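The values are calculated or read from the model by the stated rules, or taken from the named source; none is laboratory data. Being a predicted model, the structure only gives us computed values, none of them experimental. Glycine gets a Cβ as well: all are built from the backbone with ideal geometry, and neighbour counts include every protein chain shown.
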Amino acid sequence: MGRNRRDTLLKIGERLFAEQGYRDVSIKDITSSAGLGMGSFYTYFSTKEAFYSDILDGIEQRGVREVEKHVNSLRSPLFRLKALFRYTILSLRSNEILRGIYTREKRFMYPGAEERTQRGNTLFARIEALLAEILDEGTKKGVFRTSLFRDPRRMLIAIFSAVPLHGGAADSLELADDMMVLIERGLKRWLRFRRDERVDVRTRRRGP
């Protein structure tokens, strides 16, 4: 029963915070919506901040499981990179709280936000780690020509960070697709110049 009550509070809290933001939701709002007394809240959570942090943990743990499932099911480094990029956009579009924290929207921020980010065990920390793994793998396999860039990992993180700022827009997926084309053209070792011909850029530079 205790576990069910805790889960109920978390589920209702996530819904209320997504609708109204952190500041505009009170503990009383949460317990009333759950049909529980105020005392039940303090049985499981010490403060509203701790409660909100637990909700974020749950959201991000679900996100990590999903992103790893999608990315690790693919073998091609390029397809893994595309899946990671697209999932980042989709996850932010589908979760108001996550997008609000990521874009630092004022109504979703809370006192422990900075400390939480510094802990490094967030969904976005995992996305950055996967990004580095995919780049290393693609470079070793000769799929990516990362030597063209001073810091390809930092460049891609900057792109991953910028595009989700438009995550609430109706055309965010189209923007993500366009950016992925740009990334693919920039990173791929082999470029298509004609339909049936692939030319290695380095060979073209050396000449006949």
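Considering each residue of the range 111-134, count those that are surrounded by 17 or more Cβ atoms within 10 Å (Cβ to Cβ) and not in a helix (DSSP H, G or I), and give that number.
The qualifying residues number 1.
Taking the residues in the range 135-156 that are touching a Ser or Thr at 6+ places or on another chain (Cβ under 7 Å) and in contact (Cβ under 8 Å) with a residue 12 or more places away in the chain as candidates, determine which candidate is surrounded by the fewest Cβ atoms within 10 Å (Cβ to Cβ).
THR146
I'd like the residue in the range 5-45 that is under 22 Å from the mean Cα position of the chain (by Cα) and among the hydrophobic types (A, V, I, L, M, F, W, C) and, out of all such residues, is farthest from GLU60 (Cα to Cα). Can you show your working first?
Quick first cut of the range 5-45, residues under 22 Å from the mean Cα position of the chain (by Cα) only: 10-11, 13-22.
Keeping just the survivors that are among the hydrophobic types (A, V, I, L, M, F, W, C) gives 10, 16-18.
Details: LEU10: 14, LEU16: 18, PHE17: 15, ALA18: 14 Å.
This residue is LEU16.
Would you tally the residues in the range 63-83 being of a type outside the set (Phe, Trp, Tyr), closer than 12 Å to GLU137 by Cβ and in a helix (DSSP H, G or I)?
The total comes to 6.
Within the range 35-49, how many residues turn out to be assigned to a helix (DSSP H, G or I) and either in contact (Cβ under 8 Å) with a residue 12 or more places away in the chain or among the charged types (D, E, K, R) (or both)?
Filtering the range 35-49 down to residues assigned to a helix (DSSP H, G or I) leaves 38-44, 48-49.
If we keep only those that are either in contact (Cβ under 8 Å) with a residue 12 or more places away in the chain or among the charged types (D, E, K, R) (or both) as well, we get 40-41, 43-44, 48-49.
So the answer is 6.
Is it the case that the range 61-77 has a residue that's of a type outside the set (A, V, I, L, M) and in contact with a Gly (Cβ under 8 Å, 6 or more places away or on another chain)?
Scanning the range 61-77, I find at least one residue that is of a type outside the set (A, V, I, L, M) and in contact with a Gly (Cβ under 8 Å, 6 or more places away or on another chain), so the answer is yes.
Restricting to the range 81-108, what's the tally of residues that are within 8 Å of the chain's Cα centre (by Cα) and small (Gly, Ala, Ser)? Step through it out loud before you land on a result.
Restricting attention to the range 81-108, the residues satisfying the condition of being within 8 Å of the chain's Cα centre (by Cα) are 87-89, 91-92.
Going one step further and asking which of them are small (Gly, Ala, Ser), we end up with 91.
Qualifying residue count for the region: 1.
Of the residues VAL163, VAL181, VAL201, VAL143, which is farther than 30 Å from LYS106 by Cα, at pLDDT below 75 and either of a type in the set (Val, Ile, Thr) or not assigned by TED's automatic domain parsing to the domain that holds ARG62 (or both)? Before you say what the answer is, go through the steps one by one.
Working: VAL163 fails: farther than 30 Å from LYS106 by Cα; VAL181 fails: at pLDDT below 75; VAL143 fails: at pLDDT below 75.
The unique qualifying residue is VAL201.
Scan the range 98-137 residue by residue and report those that are among the hydrophobic types (A, V, I, L, M, F, W, C) and under 24 Å from MET179 (Cβ atoms).
Step one: of the range 98-137, the residues among the hydrophobic types (A, V, I, L, M, F, W, C) are 98, 101, 108-109, 113, 123-125, 127, 129-132, 134-135.
Within the range 98-137, LEU98, ILE101, LEU123, PHE124, ALA125, ILE127, ALA129, LEU130, LEU131, ALA132, ILE134, LEU135 qualify.
Pairs please, first residue from the range 84-109 and in contact (Cβ under 8 Å) with a residue 60 or more places away in the chain and crowded, with 20+ Cβ neighbours inside 10 Å, second anywhere and assigned to a loop (DSSP other than H, G, I, E, B) and β-branched (Val, Ile, Thr), Cβ atoms under 9 Å, 6+ apart in sequence or on different chains.
These pairs meet every condition: LEU92/THR103.
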